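Comments concern the structure below.
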Amino acid sequence: MIPPDAPELNINQIEAGTFSDFPKGSSKIIRMGRIPVIVLRKKNGDFKALEATCTHLDCTVQFKTDTEQIWCACHNGFYDVEGRNISGPPPRPLGQFNVTLKDDKVIITKQELA
Amino acid sequence: MSKFYQWINERLELDDAIKFAKKKRVPIFYGTVWYYLGGVSLFLFAIQLVTGILLVLYYQPGAETAFESVKFIVSKVEFGWLIREIHSWSANLFILFVFFHMFTVFFAKAYRKPREMTWITGMLLLVLGLAFGFSGYLLPWNELAYFATKVGSDIAGAIPWVGEFMLRVLRAGDEVTGATLTRFYGIHIAILPGIFTVLLVMHLMMVQFQGMSVPPEIEKIPEEKRKTIPFFPDFVLRDFMVWLIVLNIIALLAVFFPWELGQKANPLVSAPAGIRPEWYFMFMFQTLKMIPAHVLFLEGELFGVMLFGVGGLIWFFVPFLDKKSHMGIRSRFWTWFGIFLVVYIIILTIWGYLV
Ligand code: HEM
Ligand code: FES
């Protein structure tokens, strides 16, 4: 009764939305294959995309606009906006994705392919 | 004797069964109230069976149907809300009473020879009870349950060697999805009740064969001087009285303190603040929250799992570790160990709710 291996969906690139979907200080969670990715726009206008799964115990993180930090509500874990774990239980930084802007589209790609 | 009784008796040998029930006598002393706790747990389990089976008639596992079907049960099905509330309340009281039962048995040293196996089966029943709660928690497929299950199964994944395997078996894949829900449903309504029933019968038979244990101090009193009453029918009737009171309490709780259904689970939504497991996992949850990311060379998660693993094993094997109890001597060390555990659980549970 061991579950069969699910074939890895080979998605390397995904469109997160258009430029206007992301006002400064906003964020959105999208899915790349099986991985949830948090795409956020800092107050200075820069984009950032990180794996949205907390490295502690798997909860989905959120972007705190006021402090520009990433917060995991499950056990009060904090990451900075670059995805580095800064306080609380998370043992590792969040995985990184690349953001490119093409026309007015926000495109997220897996890092090793960039 | 009535003809009817005689007819049955000739075929099922009821006389022997009644003799078996009457054989046991229940000691009357300051600790007699403790003897109700196991019975109340039994009664609550019976309620779970009945209400659970009724829920099965309408509940539909699956990511797209589970939440909706529970909503249907509580809003459209006649008295569906009552059945769900009773199932939820009785589940929580069940765990609570099993805990009470376990600790009173512990402090009365009732696990000592010859009742080691009664303790072991009781511990297994507690573990299964917790598994019932954990698997049942996910079934409504709401946000709280979704993240609690992610976290809970991830912790199982941290167990050395078998973790990876356990995680995949529990989740039916790498992620918590509809497949996990179906699996938890099967575990909750078929696998657990089956195993639970077998162990429960063993547990009860042992209690019936061995009679009630009394604490070492009472055991020293010569047998003729100890007061007892027959288990059947005297104590059984008292049991029924207590059950009736418990049933009324559940009815009040179910009507005045309903369990929220919350928001439907959505993997693309951040975990909301206030994610927490059921209260009986809270002390472990709070401990994990306090352990830093790294302890010595271990990840904090692994350290916590090992801590509880070792603690659980010690507790499990207490009858064999507490050697003094075999001689009818109260071991100070184990009594303090128990007190420490109770205090630890209470403090961390309250703390977990405060922060
Ligand atoms: C044979 C026995 C049982 C059956 C057939 C059964 C069946 C079910 C079903 C169909 C549900 C989903 C409906 C719902 O969520 O309201 C459920 C939920 C649940 N069950 Fe059971 N159950 C059984 C025993 C237990 C026991 C012994 C426990 C105790 C620990 C338990 C704890 C729970 C919990 C906590 C829920 C979630 C309630 C909620 O939030 O709605 N169940 N059960
Ligand atoms: S799961 Fe994120 S802090 Fe524990």
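The values are calculated or read from the model by the stated rules, or taken from the named source; none is laboratory data. Since we're looking at a predicted model, the values are computed, not measured. Don't worry about glycine lacking a Cβ; one is built from the backbone with ideal geometry, like all the others, and counts go over all protein chains shown. Side chains are part of the model used for accessible areas, which takes the heavy atoms of the whole protein and leaves out ligands, DNA and RNA. Shrake-Rupley method; radii C 1.70, N 1.55, O 1.52, S 1.80 Å.
Considering B:ALA131, B:ALA190, which residue is surrounded by 15 or more Cβ atoms within 10 Å (Cβ to Cβ) and either in contact (Cβ under 8 Å) with a residue 24 or more places away in the chain or among the aliphatic types (A, V, I, L, M) (or both)? Spell out the reasoning first.
Details: B:ALA190 fails: surrounded by 15 or more Cβ atoms within 10 Å (Cβ to Cβ).
Sole residue among the options that is surrounded by 15 or more Cβ atoms within 10 Å (Cβ to Cβ) and either in contact (Cβ under 8 Å) with a residue 24 or more places away in the chain or among the aliphatic types (A, V, I, L, M) (or both): B:ALA131.
Could you please let me know if B:VAL74 is more than 18 Å from the chain's Cα centre (by Cα), within 16 Å of ligand 2 (Cβ to nearest atom) and β-branched (Val, Ile, Thr)?
Values: more than 18 Å from the chain's Cα centre (by Cα): yes; within 16 Å of ligand 2 (Cβ to nearest atom): no; β-branched (Val, Ile, Thr): yes.
No: the conditions fail for B:VAL74.
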message: The conditions are (1) within 13 Å of the chain's Cα centre (by Cα); (2) surrounded by fewer than 20 Cβ atoms within 10 Å (Cβ to Cβ); (3) within 12 Å of chain B (Cβ to nearest Cβ), and A:THR60 fails exactly one of them. Which is it?
response: (2)
message: Going by what's in this entry, would A:VAL37 be described as surrounded by 13 or more Cβ atoms within 10 Å (Cβ to Cβ), among the hydrophobic types (A, V, I, L, M, F, W, C) and touching a Phe, Trp or Tyr at 6+ places or on another chain (Cβ under 6 Å)?
response: yes
message: I'd like to know if region B:257-273 contains one or more residues that are open to solvent by less than 60 Å² (accessible area, probe 1.4 Å), in contact with a helix residue (DSSP H, G or I) (Cβ under 8 Å, 6 or more places away or on another chain) and without any contact (Cβ under 8 Å) to a residue 12 or more places away in the chain.
response: no
- request: Return a yes/no flag: does region B:202-213 have any residue that is within 30 Å of B:VAL33 (Cα to Cα), polar (S, T, N, Q), out of contact with any Ser or Thr (no Cβ under 8 Å at 6 or more places or on another chain) and crowded, with 19+ Cβ neighbours inside 10 Å.
  value: yes
task: Can you confirm whether region A:8-16 contains a residue that is small (Gly, Ala, Ser), open to solvent by 10 Å² or more (accessible area, probe 1.4 Å) and away from every other protein chain (no Cβ under 11 Å)?
output: no
task: Could you please give the count of residues in region A:59-114 that are within 16 Å of ligand 2 (Cβ to nearest atom) and outside any strand (DSSP E or B)?
output: 16
task: Could you list, in sequence order, all residues of region B:291-301 that are within 12 Å of ligand 2 (Cβ to nearest atom) and farther than 22 Å from A:ARG84 by Cβ?
output: none
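Using the structure shown, decide if A:CYS72 is at pLDDT 90 or above, farther than 20 Å from A:GLN111 by Cβ, in contact with a helix residue (DSSP H, G or I) (Cβ under 9 Å, 6 or more places away or on another chain) and within 13 Å of another protein chain (Cβ to nearest Cβ).
Details: at pLDDT 90 or above: yes; farther than 20 Å from A:GLN111 by Cβ: yes; in contact with a helix residue (DSSP H, G or I) (Cβ under 9 Å, 6 or more places away or on another chain): no; within 13 Å of another protein chain (Cβ to nearest Cβ): yes.
Here the answer is no, as A:CYS72 does not meet what is asked.
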query: Which residues, counting only those in region A:23-58, are assigned to a strand (DSSP E or B) and touching a helix residue (DSSP H, G or I) at 6+ places or on another chain (Cβ under 8 Å)?
result: A:LYS28
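Going by what's in this entry, would A:THR100 be described as open to solvent by 20 Å² or more (accessible area, probe 1.4 Å), touching a strand residue (DSSP E or B) at 6+ places or on another chain (Cβ under 6 Å) and of a type in the set (Val, Ile, Thr)? So that I can check it myself, show each step before the final result.
Values: open to solvent by 20 Å² or more (accessible area, probe 1.4 Å): yes; touching a strand residue (DSSP E or B) at 6+ places or on another chain (Cβ under 6 Å): yes; of a type in the set (Val, Ile, Thr): yes.
Yes; evaluated as a whole, the condition is true for this residue.
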message: All but one of (1) in contact (Cβ under 8 Å) with a residue 60 or more places away in the chain; (2) more than 8 Å from ligand 1 (Cβ to nearest atom); (3) within 14 Å of chain A (Cβ to nearest Cβ); (4) open to solvent by less than 20 Å² (accessible area, probe 1.4 Å) hold for B:ARG112; state the number of the condition that does not hold.
response: (3)
- prompt: Counting residues that are in contact with a helix residue (DSSP H, G or I) (Cβ under 7 Å, 6 or more places away or on another chain), within 14 Å of another protein chain (Cβ to nearest Cβ) and on the phi < 0 side of the Ramachandran plot, which helices (runs of 4 or more DSSP H) fully inside region B:123-236 reach at least 1?
  reply: B:143-157, B:163-171, B:178-186
